[in-house]
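In what follows, a single structure is set out as structure tokens and then discussed.
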Ligand code: F3S
């Protein structure tokens, strides 16, 4: 790679061992991806479980792992971020600490991580959907984001540019202020590869998630272009982005006439022809629901709404459906959302309604990341949560709309 004088100096350790380590990592990554140079990064989203100096937090890990993590955080050297930087979710949520039996040392550890991140200048958004709380990079801006669903969202819906980052590369980007230039950071790498014709009505955000899950499976790491897709809401954009990055390794998509770089067919494919064509119709939609639904007996004991984190509109809908009702006492009912949105929802009275019905509104994490709620029967509106809840937590899953989930939670049985 071609390095500037300043970058060479960092690589040679002139700015200390931590910065040297980050530069070594980035050079190795850049070379592996055939990048020729570094370019400035303007917006970073770091994994909440890494934070500065590779801080790592955990909740359900063994004592030995926890001890290692604590030692790491205490030994780590901090830095000041060189670009606006925000935190992804953490492994722990501090809401309802007493009710959930959170231990004092877990709280103390999380507070230590928060303090270290604050000192580094990392903004504590603690969300997988930072665009919900004002982190909205502009079209063409170079970013380094973790969280695959958010990466698809900003590339496709906002037209900003980020490759799929891991926790090491995002922290290094924040510390160094640069990223290796490759992949979707370059205009010519943003051309569509395959065509997906939408031949069914996409009525709600669940349907957009199903379309995304179907497209991710056939796309793999290619860029799908949707034809016949109507303009979508923020909630639908969240679901399609998350699902594409779950069943596949998709970094971005185009929707002709809808997303910012796909005004026309030619724009979406940059003048090339699609390598393959697929149809998403009623049959394909049902096949995804059938694949992700493993609750067969109607029994559910956990509800998860907010994957990616719930918007204020989704919380409003949940509150409206629960107003004056009671959730079945056998069901653990959780809505996950960024802190700032939770605060808005509190101001609007939505949190009180959900709590009075027997539910909780939680921030900072989610079941898949915190690895809580294993071996349950979970109802969710998210194809991503449905997928990982089965794969990571060994749960059985019922997949449906938010309306279907809330009504089922009140009845105490899954109403398909
Ligand atoms: Fe967010 Fe957890 Fe889903 S991090 S995207 S709520 S799996």
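The values are calculated or read from the model by the stated rules, or taken from the named source; none is laboratory data. Source: prediction; values computed, not measured. Cβ coordinates were reconstructed from backbone atoms using ideal geometry, including for glycine residues, and neighbour counts include every protein chain displayed.
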Residue in the range 176-190 that is in contact (Cβ under 8 Å) with a residue 24 or more places away in the chain and within 16 Å of the chain's Cα centre (by Cα) present = no
ask   = Which residues, counting only those in the range 164-178, are surrounded by 24 or more Cβ atoms within 10 Å (Cβ to Cβ) and more than 16 Å from residue 21 (Cβ to Cβ)?
value = 165
ask   = How about the range 270-328: which of its residues are over 27 Å from the mean Cα position of the chain (by Cα) and buried (at least 17 other Cβ atoms within 10 Å of the Cβ)?
value = 274, 327
ask   = Just for the range 101-123: of the residues that are over 24 Å from the mean Cα position of the chain (by Cα) and assigned to a loop (DSSP other than H, G, I, E, B), which one is surrounded by the most Cβ atoms within 10 Å (Cβ to Cβ)?
value = 102
task = Test each condition in (1) over 27 Å from residue 181 (Cβ atoms); (2) touching a helix residue (DSSP H, G or I) at 6+ places or on another chain (Cβ under 7 Å); (3) assigned to a helix (DSSP H, G or I) for residue 131 and report the one that comes out false.
result = (1)
inquiry  = Any residue in the range 87-116 that is not assigned by TED's automatic domain parsing to the domain that holds residue 168 sitting within a Cβ distance under 7 Å of a residue that is within 16 Å of the ligand (Cβ to nearest atom) and assigned to a loop (DSSP other than H, G, I, E, B)? List the pairs, counting only those 6 or more apart or interchain.
reply    = none
message = So for the range 320-330 (the condition being out of contact with any helix residue (DSSP H, G or I) (no Cβ under 6 Å at 6 or more places or on another chain) and either in the same structural domain as residue 91 (by TED's automatic domain parsing) or within 14 Å of the ligand (Cβ to nearest atom) (or both)), does at least one residue qualify?
response = no
inquiry  = For the list (1) in contact with a strand residue (DSSP E or B) (Cβ under 8 Å, 6 or more places away or on another chain); (2) away from the ligand (no atom under 16 Å from the Cβ); (3) modelled with pLDDT of 90 or more, I need the number of the one condition that residue 145 fails.
reply    = (2)
request  = Would you be able to say whether some residue in the range 270-283 is touching a residue at least 12 places away in the same chain (Cβ under 8 Å) and within 16 Å of the ligand (Cβ to nearest atom)?
outcome  = no
